Amino acid sequence: MSSLDPAIAARLKRGPDGLVPAVAQQYDTGEVLMLAWMDDEALHRTLTTGRATYWSRSRGEYWVKGDTSGNVQHVRSVALDCDGDTLLVRVDQVGAACHTGSRTCFDGRDLPLTANAVPSDVVPSDVVVSESASPAEAGTHTDPAEGSIR
């Protein structure tokens with residue numbers, strides 16, 4: 001039996017295995033560090049100790065991030081998403097978050113995206129639209145990397 005506050009427990013929507021995904025994020029930069037799993041007891045331990053505690057599905061036991069590796073996660077806040085089925089654990093990560101030794105488990109190996117997911121009328125966020133463009137230049141934009149209008 002968990003000691004998790006009943007009001008918090010009532011808001012959680014767990015999977016059939018009793019677990020909720022927990023996304024660990026660096027509190028000051030927003031960098032996504034890792035995904036792990038929590039049950040009620042892991043969440044209770046996290047909230048009461050200030051150290052990220054997860055449930056290891058492969059080992060079938062609780063683990064406090066950093067107890068073995070020294071790569072500690074000091075918890076700054078925990079938020080529950082709007083559906084109650086995902087936790088966001090904002091931490092101050094000491095050392096690597098990933099078991100491979102990388103800072104984050106999402107190390108930049110993006111999957112190939114073949115679909116054009118951005119509508120043609122949306123300007124990329126790294127592009128500055130010139131407010132002083134003449135009517136002849138309407139529809140053009142400035143590329144800050146190149147310093148030119150294209």
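Compute the length gained on full extension between residue 107 and residue 63: take 0.36 nm times their separation in residues and subtract their Cα-Cα distance, giving the result in nm to one decimal.
13.6 nm
Taking neighbour Cβ counts within 10 Å as the exposure measure, how do 105, 82 sort from fewest upward?
82, 105
Which order do 85, 107, 40 fall in if you start with the one that has the fewest other Cβ atoms within 10 Å?
Lowest to highest Cβ neighbour count: 107, 85, 40.
Given H placed 1.01 Å from N in the peptide plane, which residues other than close sequence neighbours of residue 102 have an amide H under 5 Å from its amide H?
Amide H neighbours of residue 102, under 5 Å, 5+ apart: none.
Laboratory data are not the source of any read-out in this text; all were calculated from the coordinates shown. It should be emphasised that the depicted structure is a prediction, and the values quoted were computed from it without experimental measurement. With ideal geometry, Cβ positions are generated from the backbone for all residues, glycine too; neighbour counts draw on all protein chains shown.
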